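One structure is given below, encoded as structure tokens.
The values are calculated or read from the model by the stated rules, or taken from the named source; none is laboratory data. From a predicted model like this one, the values you see are computed outputs, not experimental measurements. Here Cβ is always computed from backbone atoms with ideal geometry, including for glycine, and neighbour counts include all displayed protein chains.
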Amino acid sequence: MPVLGTGIFPAGAVGNELTAVTRRAFIPKLVVQIYKASPLLAAGLANAQMASGGAGPVTAPVQGTAMTTTQWSGYSGTFAQQSTQVGISNAEFNLKLAITPVYFLGMEGIIQVDAAVIPIIEARMNDAGNSMKDTISTALWNNDNTANSQQLFGLPAVTAASTQTYGNIDPSTNSWWLAYTKAMGTVAPTRNTLLENIGGLVNFSGGEMPNFGITSPATWTKLAEDFTSLEQYQVNQASAYGDNPNGARALFTALMVAGVPIYMDPYGVDGTLYLLNMNYLSFYIHEAGSFVFTGFESLIPNQQLGYVGALLSILELVCVKRKAQAKITGYTSVTF
């Protein structure tokens, strides 16, 4: 029902009469209110690799111990005999299936034919993609693979403690198969604390820098406050603020600490910061299940007039070098 008695529209019986005989002026666009944008999902998809079928469809040989031993020698060039040293293991991952069914009932089509403002099937198809992205992004931030093994691995699984097997390798007996974790103990994130986190990860990983940092908007904003007080605007005699049509710039999208960009993700967990090396962390997506739509099939065999189809995604988040990833907890956040 339209809003009666406001603006130019009358209230009471006159308003009801006008409502009954007047066509509505729709905006022919569906404005989505419920989904979020995820830099983490975008980074994972940008770095995605193709997978195919087979048992253990994603298998990565990883070396965790030395396979040779170096010795010192003298003028004679002699060296001690060595036995064969085993150092290679297989990290194995199974793909996970995300499925979004899309229904189109027969009478919906009859009612909307030549009369649709927003074709409901187009709205559902658009929502299926958004629902898929939302489900994957939520799992990326929350799934440690203990509550639901059918979900794809999330960052909590990639950086889990030594008691949890990951990629079919037990880190409790393979200490090299662990991520760098640190609890900060309820402190505000600053450039200095993040510099310590990055330095700690570089030391732990054997010299490899992260190339991507991500946290929640509330924690990111708390970090940004450490930058804000140092901003300066320099104006010389030949220029002024008005010279720039966009005005003076303040702050920026990604906070750079030691060359590592730190982004905010609305799916992020307050107080938790991940430092990631995307050279070793990416999606593996099945070649036949890369966000594909099955097409519509009739529901008549189910005694119903209509159609159903499904959007499919068969994928997994795979990390082949956990020690190059970091999970930092215990940071404080702002309150929005």
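Yes/no per residue for (1) more than 24 Å from residue 88 (Cα to Cα); (2) within 24 Å of the chain's Cα centre (by Cα):
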| position | (1), (2) |
| --- | --- |
| 129 | yes, yes |
| 144 | yes, yes |
| 161 | no, yes |
| 166 | no, yes |
| 182 | yes, yes |
| 205 | no, yes |
| 220 | yes, yes |
| 227 | yes, no |
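Which one of these is within 30 Å of residue 105 (Cβ to Cβ), surrounded by 12 or more Cβ atoms within 10 Å (Cβ to Cβ), of a type in the set (Val, Ile, Thr) and modelled with pLDDT of 90 or more: 272, 294? Give the steps one after another, and end with the answer.
Numbers: 272 fails: within 30 Å of residue 105 (Cβ to Cβ).
Result: 294 is the single residue among 272, 294 that is within 30 Å of residue 105 (Cβ to Cβ), surrounded by 12 or more Cβ atoms within 10 Å (Cβ to Cβ), of a type in the set (Val, Ile, Thr) and modelled with pLDDT of 90 or more.
If I ask for residues that are touching a Gly at 6+ places or on another chain (Cβ under 8 Å) and either crowded, with 19+ Cβ neighbours inside 10 Å or at positive phi (or both), which ones from the range 313-336 would you list?
Selection gives 313, 314, 315, 317, 318, 319, 323, 326, 330, 331, 333.
Filter the range 41-92 down to residues that are assigned to a loop (DSSP other than H, G, I, E, B) and either touching a residue at least 24 places away in the same chain (Cβ under 8 Å) or hydrophobic (A, V, I, L, M, F, W, C) (or both), then give me how many there are.
Let us first name the residues in the range 41-92 that are assigned to a loop (DSSP other than H, G, I, E, B), namely 47-48, 52-57, 64-87.
Filter once more, so that each one left must be either touching a residue at least 24 places away in the same chain (Cβ under 8 Å) or hydrophobic (A, V, I, L, M, F, W, C) (or both): 47-48, 52-53, 55-57, 64-67, 72, 79-80, 86-87.
Of the residues in that region, 16 qualify.
Looking at this structure, is residue 51 small (Gly, Ala, Ser), over 30 Å from residue 179 (Cβ atoms) and either surrounded by 10 or more Cβ atoms within 10 Å (Cβ to Cβ) or in contact with a His (Cβ under 7 Å, 6 or more places away or on another chain) (or both)? Before you say what the answer is, go through the steps one by one.
Working: small (Gly, Ala, Ser): yes; over 30 Å from residue 179 (Cβ atoms): no; either surrounded by 10 or more Cβ atoms within 10 Å (Cβ to Cβ) or in contact with a His (Cβ under 7 Å, 6 or more places away or on another chain) (or both): yes.
The answer is no for residue 51.
Matching residues to (1) in a helix (DSSP H, G or I); (2) buried (at least 21 other Cβ atoms within 10 Å of the Cβ); (3) hydrophobic (A, V, I, L, M, F, W, C); (4) out of contact with any Phe, Trp or Tyr (no Cβ under 7 Å at 6 or more places or on another chain):
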{"residue": "130", "(1), (2), (3), (4)": "yes, no, no, no"}
{"residue": "136", "(1), (2), (3), (4)": "yes, yes, yes, yes"}
{"residue": "153", "(1), (2), (3), (4)": "no, yes, yes, yes"}
{"residue": "160", "(1), (2), (3), (4)": "no, yes, yes, no"}
{"residue": "172", "(1), (2), (3), (4)": "no, no, no, yes"}
